[in-house]
Amino acid sequence: MIQSNDTNIKNILDEIDCGKIQLPNFQRKWVWDDRRIRTLIASISNGYPIGAVMFLDATGKNVRFGSNLFDGVDENYKAVEPTTLVLDGQQRITSMYQALYSKNVVRTIDDKKKSIKRYYYIHIPTSLDTLTDRIDAIISVPEDKLIRENIGRDIKLDLSSSAQEYKEQYFPLNIIFDVSALMNWQFGYIAYHHSSSAQTLLSDFFNKIINPMISYRIPVIKLGNDVPKEAVCQVFENVNQGGVSLTVFELITASFAADIFNLRDDWDSIWAELKKQNVLQFKGNQPAFTGTDFLTAITLYNSYRQYQVGKRVGISCKKKDVLKLQLNEYKDCRDAVLDGVKEAVNFIQKECHIYTSVDLPYTSQLIPLSVVFAIDKNLWFNNANKKKLSRWYWCGVFGELYGGANETRYAMDVQGLMRWVNDDNDVPDTVFRSYFFASRLQQLTTRNSAAYKGVMALILKNHCKDFISGSEMDFASYALEATDIHHIFPANYCETMKYDKERWNSVINKTPIYARTNRIIGGVAPSKYIGSIERNHGVKPTDLDTFLSSHLIDVESIRKDDFDTYYVNRAKALFELIEKATGKPVAGQNAE
């Protein structure tokens, strides 16, 4: 049910002040700056529209969210059960409450994002001047109500007392909706100026400015208490397109808060454990495995459990399924799924040789992988089953099947993997659909591709060794030696020789190399840096050949700087690695 009507802002602010209107705790903090607040006040004082707001009826049991009081509301009202939650309009409504209703100083920011404290005033004569923009009549003053100049030595404007307000003719905007304070200010102003002209000016000011502000109405759209959670989420995202999208995690956090459970704190404790793993540490500004990923994994695991005992006909973890997750289900599944995530990370690091988040082909593939470990981690200690799990993983990577929306694939693969354990012929959908075409290898040039990362992981899995020390590039040394992916035929040399960049810049000409080794290699021909390694670092030619071969490099061609032969032979060697990992042939190998 949806209702729409114009509502007096005083009624809205009154209900905010007593806690009847609150914010669902998936709403972000109030962030409007001083200039924007003054612009909003100017619009209201002119009677201009400021846009509709959207509320949610919070009296029903169908949709329950934890909620917070608006900034500035007395904390004594924290225990009040709200009747209404604000879905859209938080910034505007908070600004009105802070500047026009609350007696507390407004904590905002200036145009340089610096925190400031302000009270808001309107200058009576300027506001009535039809040739002046209204915003020029509205000012904000510091907490002590003194505006200073000359590096703070001189007072430019003093509004620190009512008498000073009367004298300077600045009206305090935060008493507009306080009838008693409003009347007292009027009487004080008239008594201070004690002239008919002052009384006429004040009367004109109230008739044209203050009274219209008191009676100002805004359109309110109110959703009934019969809407489902997914509808609330969709509506919130639709009306907040200018801001950050609402995540499933935030919505479930608000839902669980209604049952006095702080999901955010619980996730913080979980992440404190998980972030110790390099493969899950932050990717840019985001963790490689998020709170929403964890909830999706729990929903998938819970769905599978219910399917196993006949409570549902299939398994699913789509957004609408996650939003239906109950607190008791979360608590029942939490520890098993957390253990599953840890086992999944262990599998990726030890079995797949993926050591950091930047080298992780798909973060999304962690979800079904975690769930199958949560279902029965002992299953995957069996060598035959471990091989199946590894094959499924690499098929997902080289089939590039885990990009985009994956919820349906998660469900199919969890069911498929569990069936595959008992029937060798019943392969999961990802294994069935995966294919890798030979020409794709040359197209892989950056870490933006999952398959590119997969190739590097398979080279590490092949026990590749450092060109100089001969030490294996394992989990311990990978980060310690600042290992990164570099060209085997150096880029500078290839450009000098005018080789085709599409070839020399592809993954075929790249491999993991220690940072110090890469500095020694430089940008010269391979024959030159190979000679330098042998002469200056005490590496025997036979040993160096072994080190180079561990990277699937054709030793004879690279020692001769024969790029074409080296390139073809390395491509073939990489094809063999991919075929071994996926258990599927690489198509098109005979193409030019």
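The values are calculated or read from the model by the stated rules, or taken from the named source; none is laboratory data. Remember, predicted model here, so these are calculated numbers, not experimental data. With ideal geometry, Cβ positions are generated from the backbone for all residues, glycine too; neighbour counts draw on all protein chains shown. For accessibility, only protein heavy atoms count, side chains too; no ligands or nucleic acids. Shrake-Rupley method; radii C 1.70, N 1.55, O 1.52, S 1.80 Å.
Could you pull out every one of the lysines with an alpha carbon less than 17 Å from that of Lys276, ignoring same-chain neighbours closer than 8 positions?
Cross-link targets: Lys342, Lys350.
Using only the Cα atoms of segment 371-529, build the gyration tensor, take square roots of its eigenvalues as a ≥ b ≥ c, and label the shape rounded, prolate or oblate: rounded if a/c is under 1.5, else prolate if a/b is larger than b/c, else oblate.
Note, shape of segment 371-529 comes out prolate.
Looking at (1) 107, 66, 38; (2) 121, 63, 44; (3) 69, 63, 52, which value of Cα extents along the principal axes in Å comes from a calculation on the structure shown?
(1)
Only bridges with both residues in the chain count here: give the DSSP antiparallel percent, nearest 5.
85
Grab segment 70-169 and count how many Lys pairs have their alpha-carbon atoms under 26 Å apart, sequence gap of 8 or more, or different chains.
Close lysine pairs under the 26 Å cut-off: 21.
Quick check on packing: order 549-556, 129-136 by the mean number of other C-beta atoms within 10 Å, highest mean leading.
Top of the packing list down: 549-556, 129-136.
Once ligands and nucleic acids are excluded and a 1.4 Å probe is used, how much of Glu400 is accessible, expressed in Å² to the nearest 10?
Accessible area, nearest 10 Å²: 60 Å².
Roughly how much of Cys18 is accessible, in Å² to the nearest 10, using a 1.4 Å probe?
40
Can you grab the distance from the C-alpha centre of segment 513-538 to the C-alpha centre of segment 14-55, Å, no decimals?
Here the two parts' Cα centres lie 64 Å apart.
Loop-only trypsin sites (Lys or Arg not before Pro) in segment 29-65, please: DSSP not H, G, I, E or B, and at most 13 other Cβ atoms within 10 Å.
Listed in order of number, the matching sites are Lys29, Lys61.
Taking the mean number of other Cβ atoms within 10 Å as a proxy for protection, how do you rank 569-578, 290-299 from highest to lowest?
With the highest mean Cβ count within 10 Å placed first, the list reads 290-299, 569-578.
Relative contact order of the chain, please, whole-number percent, based on alpha carbon pairs below 8 angstrom and at least 6 residues apart.
Answer for the chain is 11 percent.
Can you give the angle from 0 to 90° between the axis of helix 383-398 and the longest principal axis of the chain, with both taken from C-alpha atoms, to the nearest 10?
60
Counting helices only, and only those DSSP H runs with n ≥ 4, report the 222 nm mean residue ellipticity of the chain as the sum of -39,500 (n - 2.57) divided by its residues, in deg cm²/dmol to the nearest 500.
Numbers: 28 runs with 284 residues, N = 592.
Rounded to the nearest 500, the figure is -14000 deg cm²/dmol.
Give the accessible area for Lys501 in Å² (nearest 10); use a 1.4 Å probe, count only protein heavy atoms, and leave out ligands, DNA and RNA.
Lys501 has an accessible surface of roughly 120 Å² with all protein chains in place.
Quick one: which of 371-377, 153-159 comes out on top by average Cβ neighbours within 10 Å, and what's the full order, highest first? Present the calculation step by step, with values, prior to reporting the outcome.
Numbers: 371-377: 23.0, 153-159: 13.1.
Averaged packing, sorted descending, gives the order 371-377, 153-159.
Specify whether the C-alpha gyration tensor of segment 472-589 places it in the rounded, prolate or oblate class, a ≥ b ≥ c being the square roots of the eigenvalues: rounded for a/c under 1.5, otherwise prolate if a/b is larger than b/c and oblate if not.
Note, shape of segment 472-589 comes out oblate.
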